[in-house]
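*Asks:* Have a look at this one.
The values are calculated or read from the model by the stated rules, or taken from the named source; none is laboratory data. Not measured: the values here are computed from a predicted model. No Cβ is skipped: glycine too gets one built from the backbone with ideal geometry, and neighbour counts run over all protein chains shown. For accessibility, only protein heavy atoms count, side chains too; no ligands or nucleic acids. Shrake-Rupley method; radii C 1.70, N 1.55, O 1.52, S 1.80 Å.
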Amino acid sequence: MPDLTAPDYTIARFVIERGLALVYVIAFVVAARQFPALCGDRGLQPASRILARARFLDAPSIFHWGYSDRRLAIASWSGVAIALLLLVGLPQVVPLPVTMLAWFGLWCLYQSIVNIGGTFYGFGWESLLLEAGFLAIFLGNAEVAPPWLIILAFRWLAFRVEFGAGLIKLRGDRCWRDLTCMDFHHETQPMPNPLSWWFHHLPRQLHRLEILGNFVAQLILPFGLFLPQPIATIAAALMIGTQLYLVVSGNYAWLNWLTILAAVAGIGDPVVRDFVPFVPSLTEGAAFGPTPAWFTALVLAVAALVIVLSWWPVRNMASPRQAMNASFNPFHIVNTYGAFGTVGRQRYELIVEGTDVAEPAADTTWREYEFKGKPGDPGRLPPQVAPYHLRLDWLLWFIPLSPSYGGEWFLRFLLRLLEGDPATLRLVRRDPFAGGPPLFIRVRLFHYRFSTFGERRATGDWWVRTFTSEYIPAVGLHDFVRRDAV
């Protein structure tokens with residue numbers, strides 16, 4: 001077998017493994033806490049429906065052998081336990097097959113959840129986590145040097161994430177080409193964070209620089225990942241810097257962190273040692289044993305698989321009708337990525353309110369449900385949520401863009417509020433009825449914009465909101481048809 005090892009990438013492997021394990025921890029905690037209410041036995045979009053109409057090869061999942069909320073909890077907390085062990089490095093010091101089995105277990109468990117999660121698991125970072133998690137199975141352990149082909153595969157992943165996002169912008173909304181998108185984006189992004197208000201109020205000249213920097217990071221720097229050192233490290237470091245900029249300006253779950261981890265594959269130990277004084281003691285003198293022939297054969301097979309499956313993402317990126325965040329195989333092994341081909345100019349929010357008045361009238365007092373992440377109370381500072389993921393809040397952002405994102409699951413959400421369902425109420429930040437269900441629910445549409453500096457000084461509010469229209473008029477339990485779908 002040829003020598004396909006990369007002993008100068010021990011730092012990259014260490015960071016990728018620990019970082020990926022931490023993301024897995026968060027993803028499985030999110031599943032344990034949110035999946036039952038969203039997609040469980042009495043969920044808003046029950047997984048049982050997907051399982052009833054999909055074959056295993058259409059949606060690979062261990063839950064084809066039976067789903068229950070209890071089994072989901074066992075799978076989720078098992079994933080947390082395995083990921084924590086990998087985070088502290090215990091499976092990395094045991095025999096190589098056991099190390100691989102730990103990563104394989106995480107990949108299978110999370111694949112099983114994603115493939116039955118429906119709309120609530122339709123985000124691009126789910127496929128990104130599964131693709132990165134699949135590659136991690138073949139990173140090796142402490143006894144063998146990092147496999148060079150897997151390091152390259154992580155770079156190829158970073159390339160597709162960044163280059164795909166750059167292309168979708170270049171082909172998409174005109175505001176990317178005339179450098180005005182950032183005049184709106186910080187305000188209209190799905191879930192602003194505590195600094196988004198400040199980023200929105202940056203001078204417009206800086207907004208133009210944001211977009212130019214974005215195009216450099218997404219359309220030029222990714223090619224540097226495949227150039228010799230130290231160019232690859234420099235390109236990776238600059239890409240990581242731009243991702244950190246996104247981390248501090250918005251909430252995008254674990255998307256940015258996974259992109260950072262993939263880009264880390266471009267960072268070589270010798271370059272790091274030249275710039276960070278304490279690193280030599282961590283990387284010099286590492287003694288690796290011979291790589292087993294069977295493991296090398298597996299790495300070669302995985303590399304061949306990635307090459308074959310890359311045909312579809314490459315064809316997609318080359319197409320003028322480029323799709324965003326698409327998987328071309330049910331196992332999410334090699335995917336295409338991209339986001340924000342279109343940027344909204346206005347922000348609209350659904351405000352859900354309830355009342356315990358038996359016969360609502362014009363002067364009825366309505367009390368507002370407050371959500372954990374999405375804007376509601378104008379005086380509340382947008383929270384820092386990422387890398388945690390609030391799935392309900394994200395889907396609620398999509399509905400004003402197109403009601404098709406809501407539909408039946410949103411009506412079922414309103415029904416659960418009328419029922420005072422404890423699992424559903426745990427998805428919101430504040431229940432104005434303290435667990436006692438309201439008699440009626442209504443949904444109103446508001447226009448939101450960030451307050452100006454003057455408005456902020458005068459009122460203390462981060463947002464200014466204006467009533468736009470009635471989205472769903474007052475409804476009670478008697479308005480819902482009792483059927484299995486509800």
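*Asks:* Can you give the net charge of the other residues whose Cβ lies under 15 Å from the Cβ of Val144, counting K and R as +1 and D and E as -1?
*Replies:* Local net charge: -3.
*Asks:* Ok, one more. With the contact rule set at Cα under 8 Å and sequence spacing of 6 or more, what percent relative contact order holds for the chain?
*Replies:* This gives 18 percent for the chain.
*Asks:* Can you send over the carbon and sulfur percentage of the accessible area for the chain, probe radius 1.4 Å, protein chains only?
*Replies:* C and S atoms contribute 65 percent here.
*Asks:* Same structure, new question: Charges at C-beta only: +1 for Lys and Arg, -1 for Asp and Glu. How large is the resulting dipole of the chain about its Cα centre, in Debye rounded to 20?
*Replies:* About 600 debye.
*Asks:* Let me ask something additional. State the cysteines of the chain left without a partner when partners are defined as other cysteines whose beta carbon lies under 4.7 Å away.
*Replies:* Cys39, Cys108
*Asks:* Subtract the Cα-Cα distance of Glu419 and Gln229 from 0.36 nm times their separation in residues, and report this length gain in nm to one decimal.
*Replies:* Gain on stretching Glu419 to Gln229: 62.3 nm.
*Asks:* Moving on. Per residue, how much accessible area does the range 314-405 have with a 1.4 Å probe, in Å²?
*Replies:* 43 Å²
*Asks:* Considering only His447, Met239, Ala132, whose Cα is most displaced toward the positive end of the charge dipole of the chain, charges sitting on Cβ of Lys, Arg (+1) and Asp, Glu (-1)?
*Replies:* His447
*Asks:* Compute the length gained on full extension between Arg204 and Phe467: take 0.36 nm times their separation in residues and subtract their Cα-Cα distance, giving the result in nm to one decimal.
*Replies:* 91.8 nm
*Asks:* Suppose the chain between Ala358 and Ile74 were pulled fully straight at 0.36 nm per residue; how much longer would it get relative to their current alpha carbon spacing?
*Replies:* 98.0 nm
*Asks:* Ok, one more. Quick one: if you stick a label point 7 Å off each Cα along the C-beta vector at Arg345 and Trp312, how many nm between them?
*Replies:* It is 3.7 nm.
*Asks:* According to the square roots a ≥ b ≥ c of the eigenvalues of the Cα gyration tensor, what is the shape class of the range 1-128, taking rounded for a/c under 1.5, prolate for a/b larger than b/c otherwise, and oblate for the remainder?
*Replies:* The shape class here is prolate.
*Asks:* How many nm separate the modelled label positions at Cys108 and Leu300, each set 7 Å beyond the Cα in the direction of the Cβ?
*Replies:* Placing both labels 7 Å beyond Cα along the Cβ direction yields 2.7 nm.
*Asks:* Here is a further query. Using the Kyte-Doolittle scale, which helices in the chain average at least -0.5 and also have C-alpha atoms spread 15 Å or more along the helix axis, with helices defined as whole DSSP H runs?
*Replies:* Membrane-span-like by this criterion, though nothing is claimed about a membrane: 10-39, 69-88, 96-114, 124-136, 148-171, 204-219, 231-249, 293-309, 408-419.
*Asks:* Still on this structure: For Tyr471, what accessible surface area do you get with a 1.4 Å probe? Give it in Å², rounded to 10.
*Replies:* Ignoring ligands and nucleic acids, Tyr471 comes out at about 70 Å².
*Asks:* Quick check: with the 1.4 Å probe, what order do Phe120, Phe199 take by accessible area, largest first?
*Replies:* Phe199, Phe120
*Asks:* While we're looking at this one, here's another question. Restricting to Cα pairs below 8 Å that are 6+ residues apart, what does the relative contact order work out to for the range 223-319? Please round to a whole percent.
*Replies:* 23 percent
*Asks:* If a/c stays under 1.5 just call it rounded; otherwise compare a/b with b/c (prolate if a/b is bigger, oblate if not). Do that for the range 65-160, with a ≥ b ≥ c from the square roots of the Cα gyration tensor eigenvalues.
*Replies:* Cα axes put the range 65-160 in the oblate bin.
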